[in-house]
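Take a look at the structure set out below.
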Amino acid sequence: MLPVNIPTLHEIVKLREETDTVKTFSFYAPEIAGICQPGQFVMVWVPGVDEIPISIALALQDGQLELAIADVGDCSHRLHELHEGELVGLRGPYGTGFTLTGARICMVAGGYGAAPLRFAAATARAHGRTVTVIQGARCATDLLYVTGFGDMGCDVHVSTEDGSQGQCGVCTAVLEALLHGGAAFDSVLTCGPELMMQRVCELTQQAQIPTQLSVERIVKCSCGACGACDLGGYLVCKDGPVFTAEVLAQTEFGCWTRAKSGKRVSVSAPGAEKAELLSYPLRDLTPEPEPLLQTSVCGIALSNPLLNAAGFGFSGRLLYRYAAAGAGAVVTKSIGLEEREGYPNPTFLELEPRSYVNAMGLPNPGIRDYGIELEEARHANVPVILSIFGKSVEECCSVAQIARECDYPVAMYEFDASCPHSEFTAVENNPPLLSAIVKAVKELVSPKPLAVKISPNIGAPVGLALLAQQAGADAITAINTVIARPVEHRLELPYLGNPLGYGGKSGKDLTVGGKRIVYELYRELELPIIAVGGIFSAQDVLDYARNGAALFQIGSALVSDGFEVFGRVKRELQEYLTAQGYTNIGELVGEAHRR
Ligand SMILES: Cc1cc2nc3c(=O)[nH]c(=O)nc-3n(C[C@H](O)[C@H](O)[C@H](O)COP(=O)(O)OP(=O)(O)OC[C@H]3O[C@@H](n4cnc5c(N)ncnc54)[C@H](O)[C@@H]3O)c2cc1C
Ligand SMILES: Cc1cc2nc3c(=O)[nH]c(=O)nc-3n(C[C@H](O)[C@H](O)[C@H](O)COP(=O)(O)O)c2cc1C
Ligand code: FES
């Protein structure tokens with residue numbers, strides 16, 4: 001069986017124009033149609049262009065899958081140019097679905113928000129529920145699936161802003177009128193523009209009706225790795241896209257969203273005062289004392305030696321969640337001088353179980369706009385390591401200088417010298433440049449420690465680590481991802497959106513090689529080693545520790561095993577250390593070299 005995390009080519013079986021901007025695409029995709037729930041989404045790949053998230057508009061027992069796609073930008077426009085019989089890649093289903101609660105369900109749809117609600121309505125009707133649909137659009141020709149909802153036996157109410165069909169005005173006014181008129185609903189589901197859904201929540205909160213919303217954020221990896229879809233520390237691709245109104249009330253929903261770079265952007269109505277780009281307040285965490293696991297590296301005290309790996313999320317909220325799940329310190333996304341969107345999708349694939357490849361392309365909001373995230377991460381009360389990158393001495397120094405001038409609350413810096421699928425790989429390939437950057441950045445960030453992150457992609461990672469040590473590095477982080485270029489064989493095209501199809505492998509394929517490199521680093525270096533690469537279990541941590549690592553970063557396991565991996569690995573470590581009579585994990589560090 002193919003893993004679900006690679007796009008599989010499917011023919012467009014049927015195309016139907018629904019409105020001026022929306023077409024329904026039909027596919028035969030039994031592997032998705034057979035298991036999906038209303039509210040879930042798929043990723044639609046146009047080879048050589050991009051891959052975008054689209055909600056499932058209908059899935060039938062015979063394998064038919066329907067998607068309603070609006071022509072809004074590059075990829076969706078290219079999709080609209082395709083014809084029946086042409087191929088696109090599909091993968092999924094992803095995310096959470098709607099819970100169809102109660103006998104009387106009301107669904108409020110704006111624009112193509114009617115798509116997931118159509119699947120929800122069909123399912124609810126098949127289970128004998130009463131469904132009221134309120135649908136709004138700018139004008140009659142923008143209304144989507146109105147007849148279809150009627151044919152299912154739903155009670156359909158329509159509103160258009162220009163009055164060309166149904167009630168003149170917005171759909172939330174129709175909901176308000178129905179509620180004031182005494183309409184009783186057991187639950188409300190909604191999908192549409194964010195401000196419309198926010199108004200739905202105000203109305204249903206007053207009426208005390210449980211409400212679920214299908215929300216949109218930028219989706220890149222689609223499976224909880226990159227954090228692009230962050231919404232208040234929740235991941236829309238994994239924890240959503242369907243959320244309850246109560247959960248969203250404690251997030252930035254309705255105030256701001258994020259650009260492809262991760263930068264915060266207001267979602268205020270045109271002309272309205274811009275909402276502040278601040279989050280719902282966070283309570284300070286108090287890390288538990290963990291005597292068997294507590295440690296100190298480069299003068300920084302940690303309650304335990306487990307961290308997240310750089311790049312698994314960039315928001316302060318997500319870093320806070322890692323700490324709440326048990327991380328002893330957290331590492332940011334690599335942050336550069338300027339805002340970067342990263343590469344088009346696909347950016348993340350699962351080639352085999354627990355074996356991944358990514359080509360994110362270092363998306364980040366830029367160092368000047370990163371302070372707000374670090375302020376939020378501060379509430380986690382664990383040391384924060386700021387990962388930085390740049391391709392010249394000047395660029396790297398500017399990043400470090402800005403972080404220092406802004407007095408960012410970080411305990412340590414990690415210089416990512418080794419992203420294997422971006423132009424920044426040039427640093428690792430140029431030892432004198434690496435040396436110069438480390439020396440200059442160290443001077444700027446001192447007295448805070450600086451770790452340098454290397455990969456096995458160059459012939460002699462240990463030699464490079466020695467150079468970094470000579471240049472003033474305080475620790476070495478090993479290893480970054482291993483360069484790869486996966487290809488779709490039917491089209492003979494690379495899967496990944498990186499211009500040359502390159503990406504970096506992570507996960508289980510790195511476990512053995514990473515441990516070997518850490519062993520060699522410990523033999524040659526005098527610096528603490530931060531291990532990263534294929535850590536899934538306490539056994540992996542023990543192996544890396546015996547080979548010489550003092551701290552342990554977990555990346556891919558966050559995708560395969562969830563945030564619970566921190567708690568599980570810590571429990572397993574504590575059991576092992578107690579059973580074997582160790583008093584602290586530090587006693588294991590480098591043990592393999594003392595035998
Ligand atoms: C879970 C989910 C389900 C979705 N379901 C549908 C659906 O059923 N039908 C449909 O037509 N669209 C749906 N979308 C939105 C769709 O994914 C975006 O419109 C699409 O990615 C735009 O890509 P593009 O290359 O055409 O446009 P771009 O050129 O990338 O962008 C065009 C505009 O759309 C914005 N945009 C891009 N991606 C997103 C996004 N993920 N969310 C919100 N705004 C975005 C950009 O900021 C820009 O303003 C869904 C999004 C999510 C997250
Ligand atoms: C989606 C993704 C994004 C990443 N982004 C970064 C990054 O910004 N900076 C960095 O130094 N490493 C980055 N990495 C590499 C990881 O930090 C880590 O070195 C690698 O994934 C190996 O660890 P793992 O096998 O536990 O995933 C990224 C990896 C992935 C999968
Ligand atoms: S898109 Fe959700 S975490 Fe990457």
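What follows is calculated from the coordinates using simple rules that are stated; it is not laboratory data. Since the model is a prediction, treat every value here as computed from it, not as a measurement. Note: ideal-geometry Cβ built from the backbone for every residue, glycine included; neighbour counts use all protein chains shown.
Go through 94-102, 36-44, 125-133 and give me the packing order, highest mean Cβ count within 10 Å leading. Could the numbers behind the result be given before it?
Values: 94-102: 20.2, 36-44: 24.7, 125-133: 16.7.
Top of the packing list down: 36-44, 94-102, 125-133.
Using θ = phi - 60° and the Karplus curve 6.51 cos²θ - 1.76 cosθ + 1.60, what whole-Hz ³J(HN,Hα) does each residue of segment 581-595 get, with Gly and Pro shown as x?
Working through the residues one at a time gives x, 7, 9, 7, 4, x, 5, 7, 5, x, 4, 4, 8, 9, 6 Hz.
In segment 36-95, if the dipole is taken from +1 on Lys/Arg beta carbons and -1 on Asp/Glu beta carbons about the Cα centre, which of A70, V42, Y94 is farthest to the positive end?
Result: Y94, furthest along the dipole toward the positive end.
Using the Karplus equation 6.51 cos²θ - 1.76 cosθ + 1.60 (θ = phi - 60°), what ³J(HN,Hα) coupling, rounded to whole Hz, does each residue of segment 553-569 give in order, writing x for Gly and Pro?
9, 10, x, 4, 5, 5, 7, 6, 10, x, 5, 4, 4, 4, x, 5, 5
So for the chain, averaging the separation of alpha carbon pairs under 8 Å that are six or more residues apart and normalising by length, what relative contact order in percent results? The partial results should precede the final answer.
Working: 1446 pairs, mean separation 58.3, N = 595.
Relative contact order, the chain: 10 percent.
Among 333-345, 540-552, how do they line up by average Cβ neighbours within 10 Å per residue, starting with the highest? Let's see the in-between values first.
Working: 333-345: 22.6, 540-552: 24.6.
Top of the packing list down: 540-552, 333-345.
How far, in nm, would the chain grow between T101 and V462 when pulled straight, counting 0.36 nm per residue and subtracting the alpha carbon separation? Please list the in-between numbers first.
Numbers: separation 361, 0.36 × 361 = 129.96 nm, distance 5.84 nm.
Extra length from T101 to V462 when fully extended: 124.1 nm.
What does the highest-first list of 174-181, 320-327 look like by mean Cβ count within 10 Å?
On the way: 174-181: 16.5, 320-327: 23.1.
Answer by packing, highest mean first, reads 320-327, 174-181.
What is the distance in Å between the Cα centres of segment 338-357 and segment 449-493?
Distance between centres, Cα-based: 17 Å.
Using the Karplus equation 6.51 cos²θ - 1.76 cosθ + 1.60 (θ = phi - 60°), what ³J(HN,Hα) coupling, rounded to whole Hz, does each residue of segment 204-214 give in order, writing x for Gly and Pro?
6, 5, 4, 8, 6, 10, x, 10, 10, 10, 9
Which three numbers, in whole Å and largest first, are the semi-axes of the equivalent ellipsoid of segment 1-99 derived from its Cα gyration tensor as √(5λ)?
On the way: eigenvalues 76, 44, 35 Å².
Equivalent ellipsoid semi-axes, largest first: 19, 15, 13 Å.
Under the rule of at least 5 residues apart or a separate chain, name every residue whose amide H is placed under 5 Å from the amide H of A57.
E66, L67, A68
Starting from the Cα of K220, draw a straight line to each of the aspartates and glutamates and keep only those under 14 Å, dropping any in the same chain fewer than 8 residues away.
Cross-link targets: D50, E51, D230, E341, E350.
Using only alpha carbon pairs under 8 Å that are at least six residues apart, calculate the relative contact order of segment 445-595 and give it in whole percent. Numbers along the way, then the final one.
Working: 246 pairs, mean separation 29.0, N = 151.
Across segment 445-595, relative contact order equals 19 percent.
For segment 542-572 and segment 239-276, write down the distance between their C-alpha centroids in whole Å.
About 33 Å separates the Cα centre of segment 542-572 from the one of segment 239-276.
Once amide H atoms are built 1.01 Å from N in the peptide plane, which residues 5 or more positions from V108, or in another chain, come under 5 Å H to H?
I134, L189, T190, C191
Taking the alpha-carbon distance from K442 and a cut-off under 18 Å, which aspartates and glutamates remain once sequence neighbours fewer than 8 residues away in the same chain are dropped?
Filter leaves E394, E395, E405, D407, E414, D416, E428, D474, E526.
Compute the Cα gyration tensor for segment 454-595, then decide on rounded, prolate or oblate, letting a ≥ b ≥ c be the square roots of its eigenvalues: rounded whenever a/c is under 1.5, prolate when a/b is larger than b/c in the other cases, and oblate in all that remain. Please list the in-between numbers first.
On the way: a/c = 2.74, a/b = 1.39, b/c = 1.97.
Taking the square roots of the gyration eigenvalues as a ≥ b ≥ c, segment 454-595 is oblate.
About its Cα centre, what dipole magnitude does segment 8-94 give when the only charges are +1 on Lys and Arg Cβ and -1 on Asp and Glu Cβ, stated in debye to the nearest 20? Write down the numbers at each step before the final one.
Working: 5 positive and 14 negative charges, 46 e Å.
Dipole about the Cα centre, nearest 20: 220 debye.
For a paramagnetic label modelled at 7 Å from the Cα of Q205 toward its Cβ, which residues of segment 270-304 fall within the zone defined by backbone nitrogen distances under 14 Å?
280-281
With just the Cα atoms defining each centre, how far is segment 33-55 from segment 204-223? Give it in Å.
Answer, in whole Å: 18.
Calculate the FRET efficiency for Q250 and E273 from the Cβ-Cβ distance with a Förster distance of 30 Å, rounded to the nearest 0.05. All intermediate terms of the calculation are to be shown ahead of the outcome.
Numbers: r = 22 Å, r/R0 = 0.74.
Approximately 0.85, to the nearest 0.05.
Go through Q250, T160, M107 and say which Cα lies farthest out towards the positive end of the charge dipole of the chain; charges sit on Cβ, +1 for Lys and Arg, -1 for Asp and Glu.
Q250
Of K448/K570; K23/K508; K391/K505, which sit over 31 Å apart, Cα to Cα? Each step should come with its number before you reach the end.
Details: K448/K570 27 Å; K23/K508 41 Å; K391/K505 22 Å.
As for pairs spanning more than 31 Å Cα to Cα, those are K23/K508.
Long-range amide H contacts for S418: which residues qualify at under 5 Å (H placed 1.01 Å from N, peptide plane, sequence gap of 5 or more or a different chain)?
Answer set, sorted by chain and number: none.
Name the residue farthest towards the positive end of the dipole of the chain from the options P447, Y370, S266, assuming +1 on Cβ of Lys and Arg, -1 on Cβ of Asp and Glu, about the Cα centre.
Result: P447.
Which FRET efficiency, nearest 0.05, do E423 and E572 yield, Cβ-Cβ r, R0 41 Å?
Working: r = 40 Å, r/R0 = 0.98.
That pair, E423 with E572, gives E of 0.55.
Based on C-alpha coordinates, I'd like the Rg and Dmax of the chain, in Å.
Cα-based Rg and Dmax for the chain come out at 25.4, 83 Å.
For the chain, what is the charge dipole size about the Cα centre, in debye to the nearest 20, if Lys and Arg each add +1 at the Cβ and Asp and Glu each add -1 at the Cβ? Spell out each step's value before the answer.
Details: 46 positive and 66 negative charges, 222 e Å.
In debye, rounded to 20, the chain gives about 1060.
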